[in-house]
Amino acid sequence: MRTEVITRRSDLLIRRAILAPGQTTPWHVDLVERFTVVVRGDRLAIEFRDGGERHEFAVHPGLADWDHPEPRAHRAVNIGAETFEEVVTFFLEDGESDPQPHVGG
């Protein structure tokens, strides 16, 4: 997985994330509201660390939506045949905190 900070200020972080097929994000929680735009990719899954449901869905370039904070540890998995890329705008409550802190190994 590759990430790149596009810009950051005290109330906003815009970050690009790229996952090759089969790659995952680290386990993390989402602390803030965010707006996500898919740049490329075809399928993605969200897995929760505590087990239970796994959400799988089709994605496509231009797909955009609001995401709410998610306190349960989870990760994204690129289950598609194409590289997945997204640009996420995080709406920060304070400029110092990480909006997606990693949780364990």
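The values are calculated or read from the model by the stated rules, or taken from the named source; none is laboratory data. Computed from a prediction, not measured in an experiment: that's the story for all the values here. So basically every Cβ, Gly included, is an ideal-geometry build from the backbone, and we count neighbours across all protein chains shown.
General remarks:
- Within the set E85, E53, the sole residue that is at pLDDT 95 or above and of a type in the set (D, E) turns out to be E85.
- Region 78-92: number of residues that are surrounded by 13 or more Cβ atoms within 10 Å (Cβ to Cβ) and not in a strand (DSSP E or B): 6
- Any hit, region 61-77, residues being in a strand (DSSP E or B), in contact (Cβ under 8 Å) with a residue 12 or more places away in the chain, loosely packed, with under 14 Cβ neighbours inside 10 Å and within 11 Å of the chain's Cα centre (by Cα): yes
- If you filter region 14-51 down to residues that are of a type in the set (G, A, S) and surrounded by fewer than 17 Cβ atoms within 10 Å (Cβ to Cβ), you find that the one that is nearest to F91 (Cα to Cα) is A45.
- Residue count for region 6-39, restricted to those that are touching a residue at least 12 places away in the same chain (Cβ under 8 Å), among the β-branched types (V, I, T) and over 24 Å from G51 (Cβ atoms): 8
- Among residues of region 49-60 being assigned to a loop (DSSP other than H, G, I, E, B) and in contact (Cβ under 8 Å) with a residue 12 or more places away in the chain, the one that is nearest to T24 (Cα to Cα) is R49.
- Exclusive hit being of a type outside the set (S, T, N, Q), farther than 19 Å from A73 by Cβ and touching a Pro at 6+ places or on another chain (Cβ under 9 Å), set G41, G22: G41
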